[in-house]
Amino acid sequence: MTTSREITADAAGTWELGGLPVHRIGLGTMRLTGSAAFHLGAPSDRDRSVAVLRRAVGLGVNHIDTAAFYFSALRSANELVNTALAPYPDDLVIATKVGPHRTYTGEWGTAARPDELRGHVEENLRQLGRDHLDVVNFRRMNQDSIAEHFGALAELRTAGLVRHLGVSNVGPRHLAEARAIAPVVCVQNRYALDAPRRAATDDLLRICGAQGIAFVPYYAVAGEGMERGASAAAHDEEVLAVARAHGASPAQVRIAWTLHQGPHVLAIPGTGDPGHLAENVAAGALRLTGAELARLAGTRDPGR
């Protein structure tokens, strides 16, 4: 992807999250913390993390995904966002999530109860230095029903603490359950070119598109590698071949493939590396041909 100019996030196009326009290339903050609960390796240097966040906004990124439970002994994602970007640009949309429960020592507890969610929302507000949250995703933690939890968040939306709601780690019936309670602007699920059981998520992706709901994949670049980064599976040869044809990196091809799954699909690749940030944003300008998309379709997990 050689170019004489720097590619910015607007190259990926725009989607509206409940009336809030965002570029379809955003930034996930999880990898800035270095928490072993999320990925292997040390956290990014603090000054570099702050620089990455500021550089992202400079490149036109206006959708940042974070959470109060993204922290380690050395880093807090929300604190980094606050330090780097406050006072926040008017067009910046910050999406957070609640549901998982971690103690202040970093240990995982049981899933949050519905009556605990207000405290989790208020903690995000405090850490980010805001009086409301743009988008809050309820992250399902194996609950059969999310009605009670989502209903608690809907009350916070009515109270003005939250503008918009989303759901994460859900199936179609959970999405329908939530929509019966309050509007849902996004679904955040694991989804990647080579993710296991991708066919089931394909159905949810199509449902979201038909209903005008953003679909926001996580681990879209890492694929089967998840926290450890992109996998080295044999079928990566297809990705490498397409990457070579465009003078792009495999990560850029994976991001581009993700965006090609529909205009409602938003990418939130995370990185603590300024060079990778620029590459991720530039992937929004990569246009894959029908033949290339068909070739990449061959990487579908055989266990689908």
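The values are calculated or read from the model by the stated rules, or taken from the named source; none is laboratory data. All of these numbers come straight from a predicted model, not from anything done at the bench. Here the Cβ positions follow ideal geometry from the backbone for every residue, glycine too, while neighbour counts run over all protein chains shown.
For region 102-113, the count of residues that are modelled with pLDDT of 95 or more, over 30 Å from Gly13 (Cα atoms), in contact with a helix residue (DSSP H, G or I) (Cβ under 9 Å, 6 or more places away or on another chain) and crowded, with 18+ Cβ neighbours inside 10 Å is zero. Scanning region 53-67 for residues that are surrounded by fewer than 21 Cβ atoms within 10 Å (Cβ to Cβ), closer than 19 Å to Asp134 by Cα and touching a residue at least 40 places away in the same chain (Cβ under 8 Å) gives a single hit, Gly60.
Consider region 67-122. How many of its residues are assigned to a helix (DSSP H, G or I), hydroxyl-bearing (Ser, Thr, Tyr) and under 17 Å from Leu153 (Cβ atoms)?
Counting residues in region 67-122 that are assigned to a helix (DSSP H, G or I), hydroxyl-bearing (Ser, Thr, Tyr) and under 17 Å from Leu153 (Cβ atoms) gives 0.
For region 239-268, the set of residues classified as of a type outside the set (Gly, Ala, Ser) and outside any helix (DSSP H, G or I) consists of His260, Gln261, Pro263, His264, Val265, Leu266, Ile268, listed by residue number.
Any residue in region 68-86 that is more than 30 Å from Asp144 (Cβ to Cβ), in contact (Cβ under 8 Å) with a residue 60 or more places away in the chain and of a type outside the set (Phe, Trp, Tyr)? The answer is no; no qualifying residue exists.
Yes or no: Asp90 among the charged types (D, E, K, R), modelled with pLDDT of 95 or more and surrounded by fewer than 17 Cβ atoms within 10 Å (Cβ to Cβ)? For Asp90, the condition - among the charged types (D, E, K, R), modelled with pLDDT of 95 or more and surrounded by fewer than 17 Cβ atoms within 10 Å (Cβ to Cβ) - is met. For region 227-234, the criterion of being at pLDDT 85 or above and either in contact with a Gly (Cβ under 7 Å, 6 or more places away or on another chain) or not in a helix (DSSP H, G or I) (or both) is met by no residue. Summed over region 179-199, residues that are over 16 Å from the mean Cα position of the chain (by Cα), outside any loop (DSSP other than H, G, I, E, B) and free of Cβ contacts under 8 Å to residues at least 40 places away in the same chain total 1.
Pairs meeting the criteria (first residue in region 156-175 and more than 13 Å from Asn142 (Cα to Cα), second residue at pLDDT below 95 and not in a helix (DSSP H, G or I), beta carbons under 7 Å, at least 6 apart or on different chains) are Arg163/Gly18; His164/Gly18. Scanning region 1-50 for residues that are basic (Lys, Arg) and buried (at least 17 other Cβ atoms within 10 Å of the Cβ), we see that the one that is modelled with the lowest pLDDT is Arg31.
For region 260-273, the candidate set comprises residues that are touching a strand residue (DSSP E or B) at 6+ places or on another chain (Cβ under 6 Å) and at pLDDT 95 or above; within that set, the residue that is nearest to Thr29 (Cα to Cα) is Ile268.
Return yes when Asp194 is out of contact with any helix residue (DSSP H, G or I) (no Cβ under 7 Å at 6 or more places or on another chain), at pLDDT below 95 and of a type outside the set (A, V, I, L, M) and no when it is not. No. Within region 45-66, count every residue that is closer than 13 Å to Thr271 by Cα and assigned to a loop (DSSP other than H, G, I, E, B). Within region 45-66, residues that are closer than 13 Å to Thr271 by Cα and assigned to a loop (DSSP other than H, G, I, E, B) number 2.
Residues in region 79-96 that are touching a helix residue (DSSP H, G or I) at 6+ places or on another chain (Cβ under 9 Å) and closer than 21 Å to Arg24 by Cα: Val81, Leu85, Tyr88, Pro89, Leu92, Ile94, Thr96.
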